[in-house]
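Note sheet for the following structure.
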Amino acid sequence: PLNNLQQIYYGAPGTGKSHEIKDQIKKHKSFRITFHPDTDYSSFVGAYKPTSVEVPMLTTLGEKAIPVKDMEGNPLTENKIIYTYVKQAFLNAYIEAWKEQEKETPQPVYLVIEEINRGNCAQIFGDIFQLLDRDDNGFSKYEITSDADLQKYIAEQNLAVSGVCDSHGKDISDKINSGEFLKLPNNLYIWATMNTSDQSLFPIDSAFKRRWDWKYVPIDINKENWTIKTATKEYSWSLFLQKINDEIDET
């Protein structure tokens, strides 16, 4: 449903937040990332990075580059460092969701963010923050202009979503295809988990919070047949937790 396109599962550690998400999305395509203090925009979206590739070994003879061969006549190779655009979790999910829009019945695509409050969300999301505002149809209300590197990469993906966003302006679909504009489709779900027990994590401001639905995952105290054993007695685990919680409420 459109009302949970962006949803944060929050609660104490060990309450099954990640398990619940995994169970709900297991039939659909998903991409996962875990935020931490060093996570930034480039590790969330993508960036040019050095990559090692194997290329033929060449030598110069006059004005020509001649392949180098071994004694048996086999071409020799060497490793060379080049820069290439490396897409990350957000861009993987974004492109996959728009490719689904080319189909008669687009299927949901999920971007799962584990421990969303362990990273600096303002730094990680950057201008993508603007895309989190969705309209009644589930698309981003406002598109943003992508940078030159990102635009070039998306253009190479050959998206073909002409007409999908014509209601937002007749040329919006073409600009999404070319990568000039970024806009979240209504089949891209962004779900996250948040640990509420630790106080040493990054705070999330109210402007960011209001763009998400929130689902509390409580501690399950109804564990049948779970007991605490002492030397002479045995106590119910669920009753023990209830008594402890009553004591905490009174203090």
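The values are calculated or read from the model by the stated rules, or taken from the named source; none is laboratory data. Keep in mind it's a predicted model, so treat the numbers as computed, not measured. Here Cβ is always computed from backbone atoms with ideal geometry, including for glycine, and neighbour counts include all displayed protein chains. Please note that ligands, DNA and RNA were not included when accessible areas were found on the heavy atoms of the full protein model with its side chains. Shrake-Rupley method; radii C 1.70, N 1.55, O 1.52, S 1.80 Å.
What to note about this one:
- Sub-9 Å Cβ pairs linking a first residue in the range 90-111 that is without any contact (Cβ under 8 Å) to a residue 60 or more places away in the chain to a second residue that is in a loop (DSSP other than H, G, I, E, B), at least 6 apart or interchain, are Phe90/Val45; Glu102/Leu159; Glu102/Ala160; Glu102/Val161; Glu102/Val164, ordered by first then second residue.
- Pair list, Cβ under 8 Å, 6 or more apart: the range 72-84 residue closer than 28 Å to Ile154 by Cα, other residue of a type in the set (D, E, K, R) and open to solvent by 70 Å² or more (accessible area, probe 1.4 Å): Asn79/Glu54; Lys80/Glu54; Tyr83/Lys49; Thr84/Lys49
- Of all the listed residues (Ile81, Ile95, Ile113), the sole one being within 22 Å of Arg210 (Cα to Cα) and β-branched (Val, Ile, Thr) is Ile113.
- Residue in the range 120-141 that is modelled with pLDDT under 90, of a type outside the set (D, E, K, R) and either over 16 Å from the mean Cα position of the chain (by Cα) or surrounded by 15 or more Cβ atoms within 10 Å (Cβ to Cβ) (or both) present: yes
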